[in-house]
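Peer 1: What follows is a single structure, and I will ask about it in a moment.
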Amino acid sequence: MCWAALPSWLYGLLLLVSGALGIWVAGEAEQLLGRKDAAPIVIDEIVGILLTYYAVPVSLLPVGLGFLLFRLFDITKPWPRLELLPGGWGIMLDDVLAGLLAQSCLRLFLVGWGD
C-alpha cells in the first residue's frame, strides 16, 4: 500500500512519527559518521518530500511540480536557517521547512490551476 492511499489523519500521524524518529536517527547517524548532515542520511529528504505530498491529489502535475518545489527549497535553504540547529534537529527541520514551503506553493498553484 502506498502512503497516498492512506486516510489523511493516518498519513499525518505517520509523518509526525517519522519526523520524530528521524530527529533521533539523523542525530545518531551524524555522530557515527562524524560529519554534519552527511550524504548517507536521507530520512530528512524522505519526510520532507512526503510532507510536500500530504493530502495532494496524485497525478503527474502535482507530483512533478511538488518534487521540483521541494528540491528548490531544499537546495536554497530559505530563512530561517534551520540546518544550523544542532544534531538531528537541524538535519530534519530544514527539510521539514522545505516540505512545508513546497506544499504551500503547490496548493496555491493547484487552486489557481483548478485541480
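Peer 1: Is there a residue in segment 7-17 that is of a type in the set (S, T, N, Q) and either modelled with pLDDT of 95 or more or at positive phi (or both)?
Peer 2: no
Peer 1: Under 6 Å by Cβ, and 6 or more places apart or on different chains, what pairs join a residue from segment 48-66 that is closer than 17 Å to Trp113 by Cα with one that is polar (S, T, N, Q)?
Peer 2: Matching pairs, first to second residue: Ala55/Ser8; Gly66/Thr52.
Peer 1: Can we say Pro62 is of a type outside the set (Val, Ile, Thr), modelled with pLDDT under 95 and outside any helix (DSSP H, G or I)?
Peer 2: No.
Peer 1: Out of (1) small (Gly, Ala, Ser); (2) modelled with pLDDT of 95 or more; (3) at positive phi, the odd one out for Ala55 is which?
Peer 2: (2)
Peer 1: Do we find that Gly88 is part of a helix (DSSP H, G or I) and out of contact with any Leu (no Cβ under 8 Å at 6 or more places or on another chain) in this structure?
Peer 2: Against the criterion (part of a helix (DSSP H, G or I) and out of contact with any Leu (no Cβ under 8 Å at 6 or more places or on another chain)), Gly88 qualifies.
Peer 1: If you don't mind, another one. Among the listed residues Leu50, Leu69, identify the single one that is of a type outside the set (Gly, Ala, Ser) and in contact with a Cys (Cβ under 6 Å, 6 or more places away or on another chain).
Peer 2: Result: Leu69 is the single residue among Leu50, Leu69 that is of a type outside the set (Gly, Ala, Ser) and in contact with a Cys (Cβ under 6 Å, 6 or more places away or on another chain).
Peer 1: Can we say Glu30 is within 14 Å of the chain's Cα centre (by Cα), in a helix (DSSP H, G or I), closer than 22 Å to Asp74 by Cα and of a type outside the set (Val, Ile, Thr)?
Peer 2: Here the answer is no, as Glu30 does not meet what is asked.
Peer 1: Do you know which residues across segment 75-91 are of a type outside the set (Gly, Ala, Ser) and either surrounded by 11 or more Cβ atoms within 10 Å (Cβ to Cβ) or within 13 Å of Gly48 (Cβ to Cβ) (or both)?
Peer 2: Once the filter is applied, which keeps residues that are of a type outside the set (Gly, Ala, Ser) and either surrounded by 11 or more Cβ atoms within 10 Å (Cβ to Cβ) or within 13 Å of Gly48 (Cβ to Cβ) (or both), segment 75-91 yields Ile75, Lys77, Pro78, Pro80, Arg81, Leu82, Glu83, Leu84, Leu85, Trp89, Ile91.
Peer 1: Something else: Output the qualifying pairs, or none if there are none: Cβ atoms under 8 angstrom, residues six or more apart or on different chains, first residue in segment 68-83 and in a loop (DSSP other than H, G, I, E, B), second residue of a type in the set (Asp, Glu).
Peer 2: Going by the 8 Å Cβ cut-off, the qualifying pairs are Lys77/Glu83; Lys77/Asp94; Arg81/Asp94.
Peer 1: Look at segment 38-53 and say how many of its residues are in a loop (DSSP other than H, G, I, E, B) and surrounded by 18 or more Cβ atoms within 10 Å (Cβ to Cβ).
Peer 2: Of the residues in segment 38-53, 2 are in a loop (DSSP other than H, G, I, E, B) and surrounded by 18 or more Cβ atoms within 10 Å (Cβ to Cβ).
The values are calculated or read from the model by the stated rules, or taken from the named source; none is laboratory data. In this text the structure is predicted, and so the values were computed from the model without any measurement. So basically every Cβ, Gly included, is an ideal-geometry build from the backbone, and we count neighbours across all protein chains shown.
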